[in-house]
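Before I ask anything, here is the structure I am working with.
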Amino acid sequence: MKPLFVKTSGQGEPLIVLHGWGMNSAVWESVRPALESRYRVSWIDLPGHGKNQHVVASNAVDSMDEIVDLMMPHIPDGAHLMGWSLGGLVIQAIAERLSKMGENKIKSMTLVASTPKFSQAGGSQQVDSWQHAMSLEVLNTFSENLSQDTEGTLKRFIALQFMGVKDSKPIQRELISAMQKWGGVHPESLKQGLALLIHSDFRIATHTIPKHWILAERDRLIPKEVINDLKLLYPDDQITLLENAGHAPFMTQPKAFVDCVTTFIESYV
């Protein structure tokens, strides 16, 4: 498999940044200058996305191990990791891999509009029950529609992210433009990404890396009620709720987003 294309810019502590499902690193444009003024940022398109559209994981059932394999060479000692949505699941997988290897090279993790488990689960115990998440019915519908209308499915997914966010139409157009700007996404990677959103579960973590969960008040994919669940799972984690923000809070509230990101990271510099 070919190596990943990585764009690194800025000065300071290393910060590795991953985007979400169906997107690419162009989505971070509104916060890129502010982050690069403080950190040496590596903007990485996920396999099959954007500049890495040609790098597609071969495992159709569970591609996470292959994705982590591709990411590992780009994680320097003392790095800070930040992942949005699906990217948040990937950095949790990286942290678990490093924990199993006995390596302690990550200083902090920032999880943006992300969660340890995206899909709902039933059950009577805390570790089994997980209600403040996307329903399997919605995720499965996206999966079924993907092969019939890929572009339309992506646009509906973007619209869902901004439901309830005032004056979000221009931001939705910006996100669609960013999605197309760096080469789009391979259809197989879209299927694999949805499978990861449905099946990944990092609620029982073995690593001890400091985490910061940045959630959005008007997020329709990751409801703000998940905050209580996160507090029970990870009582030492930091949690920030950005008001009047949707699933892409760095686009709807860029200044507030950068402020809370840098305050957390710099406490571990």
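The values are calculated or read from the model by the stated rules, or taken from the named source; none is laboratory data. Keep in mind the model is a prediction, meaning the values are calculated, not measured. Here the Cβ is made from the backbone with ideal geometry for all residues, glycine too, and neighbour counts use every protein chain on show.
Restricting attention to helices (runs of 4 or more DSSP H) lying wholly within region 176-269, give those where 3 or more residues are of a type outside the set (V, I, T) and closer than 18 Å to H132 by Cα.
It comes to 187-199, 226-233.
Taking L197, is it among the hydrophobic types (A, V, I, L, M, F, W, C), out of contact with any strand residue (DSSP E or B) (no Cβ under 9 Å at 6 or more places or on another chain) and either closer than 23 Å to V138 by Cβ or at pLDDT 90 or above (or both)?
For L197, the condition - among the hydrophobic types (A, V, I, L, M, F, W, C), out of contact with any strand residue (DSSP E or B) (no Cβ under 9 Å at 6 or more places or on another chain) and either closer than 23 Å to V138 by Cβ or at pLDDT 90 or above (or both) - is not met.
To keep it simple, each residue is scored yes or no on (1) on the phi < 0 side of the Ramachandran plot; (2) under 19 Å from the mean Cα position of the chain (by Cα).
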position	(1), (2)
M109	yes, yes
S114	yes, yes
S147	yes, no
E151	yes, no
D167	no, no
Q172	yes, yes
E188	yes, yes
F202	yes, yes
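Among the residues of region 198-220, write down those that are under 15 Å from F157 (Cα atoms) and surrounded by 22 or more Cβ atoms within 10 Å (Cβ to Cβ).
Within region 198-220, D219 is the sole residue that qualifies.
Applying the selection to region 1-19, what residues are closer than 23 Å to S114 by Cβ and either without any contact (Cβ under 8 Å) to a residue 24 or more places away in the chain or surrounded by fewer than 16 Cβ atoms within 10 Å (Cβ to Cβ) (or both)?
K7, T8
Would you confirm, using the coordinates I've provided, whether S114 is buried (at least 20 other Cβ atoms within 10 Å of the Cβ) and in contact with a helix residue (DSSP H, G or I) (Cβ under 6 Å, 6 or more places away or on another chain)?
For S114, the condition - buried (at least 20 other Cβ atoms within 10 Å of the Cβ) and in contact with a helix residue (DSSP H, G or I) (Cβ under 6 Å, 6 or more places away or on another chain) - is met.
Of everything in region 115-137, what is in a loop (DSSP other than H, G, I, E, B), at pLDDT 85 or above and in contact with a Phe, Trp or Tyr (Cβ under 9 Å, 6 or more places away or on another chain)? Give them in sequence order.
Of everything in region 115-137, those that are in a loop (DSSP other than H, G, I, E, B), at pLDDT 85 or above and in contact with a Phe, Trp or Tyr (Cβ under 9 Å, 6 or more places away or on another chain) turn out to be T115, P116, K117, Q120, A133.
Within region 92-111, work out how many residues are over 15 Å from Y268 (Cβ atoms) and either buried (at least 24 other Cβ atoms within 10 Å of the Cβ) or of a type in the set (D, E) (or both).
The number of residues fulfilling the criteria is 4.
Which of the residues belonging to region 203-216 are of a type in the set (A, V, I, L, M, F, W, C) and closer than 18 Å to G102 by Cα?
The answer is I204, A205, I209.
Can you tell me which residue is surrounded by the fewest Cβ atoms within 10 Å (Cβ to Cβ) among those in region 176-195 that are farther than 14 Å from H19 by Cβ and touching a Ser or Thr at 6+ places or on another chain (Cβ under 8 Å)?
Only one residue tops the list, namely P187.
Give the residue, chosen from T206, T240, that is free of Cβ contacts under 8 Å to residues at least 40 places away in the same chain, farther than 30 Å from N145 by Cβ and polar (S, T, N, Q).
Only one candidate passes the filter, namely T240.
What number of residues within region 138-169 are free of Cβ contacts under 8 Å to residues at least 60 places away in the same chain, of a type in the set (A, V, I, L, M, F, W, C) and in contact with a Phe, Trp or Tyr (Cβ under 8 Å, 6 or more places away or on another chain)?
Residues in region 138-169 being free of Cβ contacts under 8 Å to residues at least 60 places away in the same chain, of a type in the set (A, V, I, L, M, F, W, C) and in contact with a Phe, Trp or Tyr (Cβ under 8 Å, 6 or more places away or on another chain): 2 in total.
For (1) under 14 Å from L194 (Cβ atoms); (2) part of a strand (DSSP E or B); (3) at pLDDT 90 or above; (4) within 18 Å of the chain's Cα centre (by Cα), each residue gets a yes or a no:
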site: I16; (1), (2), (3), (4): no, yes, yes, yes
site: S30; (1), (2), (3), (4): no, no, yes, yes
site: V61; (1), (2), (3), (4): yes, no, no, no
site: E66; (1), (2), (3), (4): no, no, yes, yes
